[in-house]
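Peer 1: I'd like to ask you about the structure that follows.
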Amino acid sequence: MTSLSFEAVVFDLDGTLADTALDVQQALAAALADEGLPPVELGAVRFMIGHGPAVLVQRALQRLAIDESVELVERLTAGFHAAYLGRRNAGSRLYDGVEEALADLRAAGIRTGICSNKPQDLCENLVADLGIADSIDVIQGSQVGLPKKPDPAPLLRVAGQLGATPDTTLYIGDSATDVATARAAGVPVVLVSYGYSARAATQLGADDVFDRISDIFKPGPVRRSA
């Protein structure tokens, strides 16, 4: 099976399609400043991304050695969300090869989706601001009542909305969470090597790893792990 023989391809967003770390760090810094707290440096924030805003805030407080009270986490999470909305993705960019990959998928008639732990409105804004809304058929961010990755529910929901089954869907991400999500869903998974994982992508158990996302859709097999 070649990568272009799947019926649907679903992408993670942050660290896979787009480098959003600067906007995340700046929005987090604004929320922290409102509480009289110092910022967390960009290099550290990069490895806090991927589990949603509340976990981001908790990790930031751990980094700053500040007690994670429920009230503080809630205020910071709300403040982060508001600050992120206000930035309108000014510091985010697509990774090299993303536009080429999306064009290849469109030309092959393969439907595409996004499955992210980023809140739904932030996902929709990011996709629009990066100019790829016309290339994505389904956007699934985090929502009330829907479990977050690594629970398989959001990925299976996207695959179903795209009219595909788990074995005819390819998931592309950058982290151990993405691999765990795909394995739980019974979906083949490949990773990009440049994302927000503190561990090398080759050590995370994916079916394959690529340095450039457009290379996934060149002729050739998708290797499967034993």
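Laboratory data are not the source of any read-out in this text; all were calculated from the coordinates shown. None of these values were measured; they are calculated from a predicted model. Please note: Cβ atoms are built from the backbone with ideal geometry, for glycine as well, and neighbour counts cover all protein chains shown.
Peer 1: With the alpha-carbon atoms as the only input, what is the per residue convex hull volume for the stretch 21-87 in Å³?
Peer 2: Numbers: hull volume 4.6 nm³, N = 67.
Here the figure is 69 Å³ per residue.
Peer 1: Kindly put Phe11, Phe47 in sequence by how many other C-beta atoms sit within 10 Å of each C-beta, fewest to most.
Peer 2: With the sparsest Cβ surroundings first, the list reads Phe47, Phe11.
Peer 1: Right, another one. So what's the back-of-envelope 222 nm ellipticity for the chain, counting only DSSP H runs of four-plus at -39500 (n - 2.57) apiece and dividing by all residues, rounded to 500?
Peer 2: About -11500 deg cm²/dmol.
Peer 1: Within 10 Å of each candidate Cβ there may be at most 15 other Cβ atoms; applying that plus a DSSP loop requirement, which trypsin sites (Lys or Arg not before Pro) in the stretch 40-100 survive?
Peer 2: Arg88
Peer 1: Something else now. On average over all directions, what projected area in square nanometres does the chain have, based on the convex hull of its Cα atoms?
Peer 2: 11.6 nm²
Peer 1: Given the Cα-Cα distance of Asp211 and Gln62 and 0.36 nm per residue of separation, how much length would full extension add, in nm?
Peer 2: 50.5 nm
Peer 1: At Arg199 and Glu71, where each label point lies 7 Å from the Cα along Cα→Cβ, what is the point-to-point distance in nanometres?
Peer 2: 3.8 nm
Peer 1: To continue, here is another question. Taking the chain as the reference, fit the longest principal axis to its C-alpha atoms, fit the long axis of helix 120-129 to the helix C-alpha atoms, and give the angle between the two in degrees, 0 to 90, nearest 10.
Peer 2: 70 degrees
Peer 1: If we count every other residue with Cβ under 11 angstrom of Phe11's Cβ, Lys/Arg +1 and Asp/Glu -1, where does the sum land?
Peer 2: Taking every other residue near Phe11 into account, the sum is -4.
Peer 1: Quick query: amide H of Val209 versus all other amide H atoms, modeled in the peptide plane; which residues come in under 5 Å with a sequence gap of 5 or more or a different chain?
Peer 2: HN-HN under 5 Å from Val209: Leu191.
Peer 1: Cα axis of helix 176-185 to longest principal axis of the chain: angle in degrees, 0 to 90, nearest 10?
Peer 2: It works out to around 50 degrees.
Peer 1: Quick check: from the Cα gyration tensor, does the stretch 118-226 come out rounded (a/c under 1.5), prolate or oblate?
Peer 2: It is rounded, given that a/c, with a ≥ b ≥ c, falls under 1.5.
Peer 1: Could you compute how fast the stretch 61-141 diffuses translationally, taking Rh as the Kirkwood radius over C-alpha pairs and applying Stokes-Einstein at 10 °C with viscosity 1.306 mPa s? Give it in µm² per second.
Peer 2: 107 µm²/s
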